[in-house]
Amino acid sequence: MQNAIEAVNNGGDAYILKPLKIDNLLSTIRQHLTRQYEARKYSEEKVAEFIETRAKELETVIRKKA
């Protein structure tokens, strides 16, 4: 149990117990891949939102100067 605590404290986000059960391993991998995909998708959406907002702000500034 101490190893699991140390792993989490050192940045680990999963700890797989021995004896290894393939179903548990695959489930953990699927969960982490899903979280990774969702985080990437969220990040891409936020970047796109920022770019769109900034482009609109710049268009407004350009129109005021014209």
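General remarks:
- Filtering segment 17-32 to residues that are surrounded by 11 or more Cβ atoms within 10 Å (Cβ to Cβ) and in a helix (DSSP H, G or I) leaves Asn24, Leu25, Ser27, Thr28, Ile29, Gln31, His32.
- Residue in segment 4-16 that is of a type in the set (A, V, I, L, M) and not in a helix (DSSP H, G or I) present: yes
- Count of segment 15-66 residues which are farther than 30 Å from Asn3 by Cα and β-branched (Val, Ile, Thr): 6
- Among the candidates Ile51, Ile29, the residue that is modelled with pLDDT of 95 or more and under 23 Å from the mean Cα position of the chain (by Cα) is uniquely Ile51.
The values are calculated or read from the model by the stated rules, or taken from the named source; none is laboratory data. Computed from a prediction, not measured in an experiment: that's the story for all the values here. Because the Cβ atoms are built from the backbone with ideal geometry, glycine has one as well, and the counts that use them run over all protein chains shown.
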